[in-house]
Amino acid sequence: MAKKIISQGKTTNEAIENGLKELKVSKDMVEVKVMEEEKRSFYNILAPRVVKVELTVKEKKETKTEINNNKEKVERKINKNEEEIKIAVEQINNFLNKFLKEGITYKTEVKEYEVYVDIEGKDVNYLIGYRGENINAFQTILTSIANKKSTAKIRVYLDIAGYREKRVKTLEDLAEKIARTVVRTGKDVTLEPMTAYERKIIHTKLQTHSKVETFSKGEEPYRKVVIRLK
């Protein structure tokens, strides 16, 4: 959600300046809406004039260039120290051996210096959670464990009972459905907050679409994808 405040001053410019100081941003980073001045009756005619303005911080769009730059930064920082990756896998295995219930199995595999963890078993839905909330949190925990003794970031990908693959299909279908709605109505559609991984699925699915485009807005963990006409 965009950050907004109501600021006041003796003049419109003063009210705007006061608001900019409070937000600690420049004028080109906000949208300004001048509100009504406080009305003064005969009895308070000598009271100082007060002007109120509403300042809304503009939401930054996630452009294709930024996405590519972020991707390049991640690729440059990836840990290629095989010994550290081996230690990370051992730490993950030790944790899972203690954490997982009886009857639930797991497999860890290293592909191109990245660690993939696959968990299977009965009654594992609690590990996935509503719309993947738990699996995302669990992946964050495993990533933290893997990087405890590493000198550069080790990426960890977690899947549980094939959830990730199913989620990709669900999001791709959603992207196509919303794109059709946008083309039909001409109105932007903002999706629910998603992780960077899930937002990327939407962006990738629609990046070659002839009539719509996508961008992200908001701050983590409430960052959302917007689909609109080109």
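The values are calculated or read from the model by the stated rules, or taken from the named source; none is laboratory data. This structure is a prediction, so every number in the text was calculated from the model and none was measured. Glycine also receives a Cβ, built like all others from the backbone with ideal geometry; neighbour counts cover every protein chain displayed.
Would you check if Glu213 is touching a Leu at 6+ places or on another chain (Cβ under 8 Å), at pLDDT 90 or above, under 28 Å from Tyr106 (Cβ atoms) and not polar (S, T, N, Q)?
no
Number of residues in the range 167-195 that are of a type in the set (Lys, Arg) and more than 20 Å from the chain's Cα centre (by Cα) equals 4. Taking the listed residues Val156, Val182, the one that is touching a Phe, Trp or Tyr at 6+ places or on another chain (Cβ under 9 Å) and surrounded by 18 or more Cβ atoms within 10 Å (Cβ to Cβ) is Val156, with no other qualifying. Somewhere in the range 176-190, is a residue in the same structural domain as Val225 (by TED's automatic domain parsing) and closer than 30 Å to Asp123 by Cβ? No, the range 176-190 contains no residue that is in the same structural domain as Val225 (by TED's automatic domain parsing) and closer than 30 Å to Asp123 by Cβ. Would you please name the residue that is modelled with the lowest pLDDT, looking only at residues in the range 132-161 that are of a type in the set (D, E, K, R) and closer than 16 Å to Tyr113 by Cα? Within the range 132-161, the match that is modelled with the lowest pLDDT is Lys149. Taking the range 127-230 and the strands (runs of 3 or more DSSP E) fully enclosed by it, the elements with 2 or more residues that are over 25 Å from Val57 (Cα atoms) are at 156-160. The residues on offer are Thr195, Thr214, Thr204, Thr170, and the sole one that is among the polar types (S, T, N, Q), surrounded by 17 or more Cβ atoms within 10 Å (Cβ to Cβ) and either more than 27 Å from Lys3 (Cβ to Cβ) or not assigned by TED's automatic domain parsing to the domain that holds Ala137 (or both) is Thr214. When the helices (runs of 4 or more DSSP H) confined to the range 4-116 are screened for residues that are at pLDDT below 80, those reaching at least 1 such residues are found at 64-77.
Among residues of the range 163-177 that are among the hydroxyl-bearing types (Ser, Thr, Tyr), those with a beta-carbon under 8 Å from a residue that is buried (at least 17 other Cβ atoms within 10 Å of the Cβ) at least six positions away or on a different chain give the pairs Tyr163/Ile128; Tyr163/Gly132; Tyr163/Ile135.
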